[in-house]
Structure formats: C-alpha cells, structure tokens
1. So how many residues does region 242-267 have that are open to solvent by 30 Å² or more (accessible area, probe 1.4 Å), of a type outside the set (A, V, I, L, M, F, W, C) and either over 14 Å from the mean Cα position of the chain (by Cα) or modelled with pLDDT of 90 or more (or both)?
2. Output the number of the condition that Glu347 fails; it satisfies all remaining conditions of (1) touching a residue at least 60 places away in the same chain (Cβ under 8 Å); (2) on the phi < 0 side of the Ramachandran plot; (3) not in a strand (DSSP E or B).
3. Out of everything in region 121-139 that is in contact (Cβ under 8 Å) with a residue 24 or more places away in the chain and in contact with an Asp or Glu (Cβ under 7 Å, 6 or more places away or on another chain), what residue ends up being nearest to Asn225 (Cα to Cα)?
4. Quick one: would you say Arg294 is assigned to a loop (DSSP other than H, G, I, E, B) and either open to solvent by 40 Å² or more (accessible area, probe 1.4 Å) or closer than 24 Å to Gly198 by Cβ (or both)?
5. Considering only region 220-241, state which residues are in a loop (DSSP other than H, G, I, E, B), on the phi < 0 side of the Ramachandran plot and either open to solvent by 40 Å² or more (accessible area, probe 1.4 Å) or in contact with a Phe, Trp or Tyr (Cβ under 9 Å, 6 or more places away or on another chain) (or both).
6. Pick from Ala50, Ala110, Ala45: which is open to solvent by less than 20 Å² (accessible area, probe 1.4 Å) and part of a strand (DSSP E or B)?
7. Filtering region 132-161 down to residues that are part of a loop (DSSP other than H, G, I, E, B) and either touching a Gly at 6+ places or on another chain (Cβ under 9 Å) or closer than 21 Å to Asn223 by Cα (or both), which residue is most open to solvent (accessible area, probe 1.4 Å)?
8. Would you confirm whether or not region 309-316 contains a residue that is at pLDDT below 95, outside any helix (DSSP H, G or I) and open to solvent by less than 20 Å² (accessible area, probe 1.4 Å)?
Amino acid sequence: MRLVFYSSCSNHFDPNIVHIKTMPSWAEEWSAVAAAFPQHQFIIATMLPAMFLLDYDKDKIAKPDGVECHLLKGGGAEKIAQEILSLKPDVAAAASFWLTPYDWMGLQDAMVADILRDNGVKVVCHKSKTQALCFDKKATSDFLKQNGFKCAQSVFVDYDLFWAQRKKSEVRENVYREYVLRQIERLEFPVIIKDTTGLSSYGMEVLHTMGAVRNYLESKKFNSNRLVEEFLDGPQFGTEIHVTKQAVDVFPPLLYSVNQYGICSPKQSVKLGPLTLPAFKCQELRSELERLARLLEFEGSAQVDLVLHKDQWHIIEINPRLSGSSAAIALIKGKTLPRILTDFALESVPQKEDLWKKNPPLYLNIKFPNLNLEQMKALYALPYVRYLCQTDNDAAKQRREMGFCEILFGGSDKPQDLSAQLDEIKEKFPEIVEPGFFETAKKMLDLLRRDNTDRPY
C-alpha cells in the first residue's frame, strides 16, 4: 500500500530563520520504519517546518531512505488535497502540528481529510467538527459541561457586545455588559482570562480581584472575545490518547511544572512521568479519557491538559493533534513517533506493556538553553538520554524566544535514579544547566520520592 503521512501549515515560514534539530533525526527514524515495512511504500507530504516528519537545513531537506518526500505548496484545503491525491495514496494519515498564533493547522488537515475521503482514500485524521470544537475554547468548555466532564466554571465575554454602546449611539445602557460582569462576580477568585482561539497558555492572565478583571476589560488587552474561568489549583498534567477504529490507548499522565502564576508554560515546563500513584485515581482518569475519545470520535493522536483539583480530575484543554510530548511518549512506549503514525495508518495500536501498572519506568523532560552541535552530541551519548529536540530562532530578540533544547532521559522506576542522572548531567555539563529548570526538576523528583505511596504532593 501507498502510505501518505501529511501535514499542512497556514503560516509564512522562513527556514533560514527558524531551525529545528532532533536526535535521533526524523530521517533516521523514518528510514527505520520504512525498512521494517518493505511491503508498503512510504510517502511524506508536508509543509515546513514539517514537524515530526522531516529534517531540514535552510532550504535543504534530509530525505529518509526508502521514503518519498514532497513539499506541499499549500493554498487551502482543496489545493492541498489535490496535491496529495496526485500521490495516489491508499491510506493518508495526518501528522498535524501547531504554530503561533492560531492552533488551527489540525482543522485544515481535517478539511483535507474530508476531501480525500470523498475521493475514496482511507484516512486517519480527526473530523473537522472535532477540530473546530477544540479550537474554540468556549465550545470546548460547553461540550465538557454538557457531557458531564469536570472543568472550570467560566463566563464567555463577547467583545462586540461588551462594547456595543460604542457602535450604537441609541444605546444608553449596555445590558449585556452589566450581565457579564454580574456573572463574573459569582465566580470563585482568582480567575484566568484567556483568548478563545489562542494557542496553549500564551496570553493568559491570572487575576485575583473583580477590580482587576474590570481593569483588564477596560484595557487595550481586551481586543477580542475572552473566556473568564475559575483558576483550578492543584498539580497539572498532560497526556495523549491514541485512537484507531480498533483501539483506544490512553497514556498515563505526565506531571507538568507551572510558572509563578500557576500556569503551565510550554517554553518553561518540566515534565515527569508517567505517574500512576494511588492518589491519582488512575482508573477513573483512564475511563473518562476513553469516554472523551469516543464522544469526540478521535482518529489518531490527541493531547489533553489536566489538573487534579480537590482530588478530582478536571480537563483544561483538548488538542486533537500531535503535541510537544508526542516524541517523548512514543519513546516511553518503546517505539518512535514514525512507528506510532505507521500503526495509525495500518489501524494497529498494540501496547508493548501496560504502563498503567504500579511504578512504570519514569522519564524526565527538561529544557536547556540552546546548545551547539558538539554539546548536543555529548548529551545524547549518555546512556540514559533518549531524545533531544532544539529550536533556534535567529530573528528572536528575547532570550526565551530564541529557543531551547529539551531532552528526555530516565528509564528507571526509582525517582532517586533520575535525580542521580540529573546530577551527573550538571556535573558533566555545568555550563549548559539552567538553574531554574534544574531546581524545578529536583523538587518534582524529591516530592515524588517522599509521597510515592499515598499522595502526589
């Protein structure tokens, strides 16, 4: 069969400015999968930055052995679908990724999938209605409440109606504005204000008083629809759900660190897991996420952000696409992401072992400042380091925007072993260890060591 793995990009992207390097490389991993399935033809059809599919150096693509590679021109779902149809696929599997400012690439891939299906192609991709629902945070919140999932109480603020008196001179009093403010007053503070269509936690603010909320809504920061929701305190987690028509495979949660505002920041978070402590009510979580997958009719990989608030699992966000943890989760499962995607295309998601069992092997995902190639190779040579991914943005001016290198290491079910590995990395590479990330990781491991029988904290 001709297996096409595709993804699209709606952004202007300059490969001369942004560089992404992984170890092992995507070329190595896709070459290995193609060699393992010689009876199938592997085709990659994507657009730069081609996350999870191709390595590139400026305008040069590193072609995996045994894999056809095609850079799509884009121009909307119809044009992209026609480009893919010209490759004569028997199966097409989406490998949707994300870029700022809008997390809607998965929606474009889903529209492509609709066209491919109409042309008789077997497709593994989330449905358009699923992508649209999860793209809109208000729609996601409404869906979760309507279906009995625990989530934060929230109030939607329509920007145009909130400022209706500016556009309608005959309006003396803005009734909608008064109603919304009264509803927000009834929430438990602090609250989070978020864009209904933004990416991840970018642009979120935590506000502690009603006066602060009023000031925000009177400021220039309020320039589009917003969701005001109760801040749920408690440890935060993320996980993935892998789905084919034959199986729903829920991965145990990874613990995420949070910033000083209590929010998980994609560029600053340390991740530890998988965790299956008794206090986490694992079977309840697993069952609820399986129910979520069925209601949303997932096909492929989806990521879910969670918080354990007052001993109850609450869903924060749903992302029906690959995530920043996808490569790490694949490796923890004893595979690679290209193999996971191939399993999707072949409708097989075999579980190598039950990671929900007590005390599964632990892994730590931690970030370092940008490294040079020699430093990356030296880190990757350590026996317990499984994966590195570095993003460099040559046009960035602020330190955090310039990029970072994240590594995945571990493999022992004893937190003290990972702590010793972290110490060894600091000893061997003192010049690259960022104190904030190092101390956060040590605290997470120490807490796990103290509380691995009854409580997560």
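1. Summing the residues that are open to solvent by 30 Å² or more (accessible area, probe 1.4 Å), of a type outside the set (A, V, I, L, M, F, W, C) and either over 14 Å from the mean Cα position of the chain (by Cα) or modelled with pLDDT of 90 or more (or both) in region 242-267 gives 5.
2. Unmet condition: (2).
3. Narrowing region 121-139 to residues in contact (Cβ under 8 Å) with a residue 24 or more places away in the chain: 121-127, 130-138.
With the extra rule that they be in contact with an Asp or Glu (Cβ under 7 Å, 6 or more places away or on another chain), the set shrinks to 122, 124-127, 130, 135.
On the way: Lys122: 37, Val124: 32, Cys125: 29, His126: 26, Lys127: 25, Thr130: 21, Phe135: 14 Å.
The selected residue is Phe135.
4. no
5. Looking only at region 220-241, we keep the residues that are in a loop (DSSP other than H, G, I, E, B), and these are 220-225, 231-235.
With on the phi < 0 side of the Ramachandran plot added as a condition, the list becomes 220-225, 231-233, 235.
If the condition is that a residue be in a loop (DSSP other than H, G, I, E, B), on the phi < 0 side of the Ramachandran plot and either open to solvent by 40 Å² or more (accessible area, probe 1.4 Å) or in contact with a Phe, Trp or Tyr (Cβ under 9 Å, 6 or more places away or on another chain) (or both), then Lys220, Lys221, Phe222, Asn223, Ser224, Asn225, Phe231, Asp233, Pro235 are the ones that fit.
6. It is Ala45.
7. Asp136
8. The answer is no, given that none of the residues of region 309-316 is at pLDDT below 95, outside any helix (DSSP H, G or I) and open to solvent by less than 20 Å² (accessible area, probe 1.4 Å).
The values are calculated or read from the model by the stated rules, or taken from the named source; none is laboratory data. Note that this is a predicted model, so its numbers are computed, not measured. Backbone-built Cβ (ideal geometry, glycine too); neighbour counts: all protein chains shown. Just the protein is used for accessible areas: all its heavy atoms, side chains included, with ligands, DNA and RNA removed. Shrake-Rupley method; radii C 1.70, N 1.55, O 1.52, S 1.80 Å.
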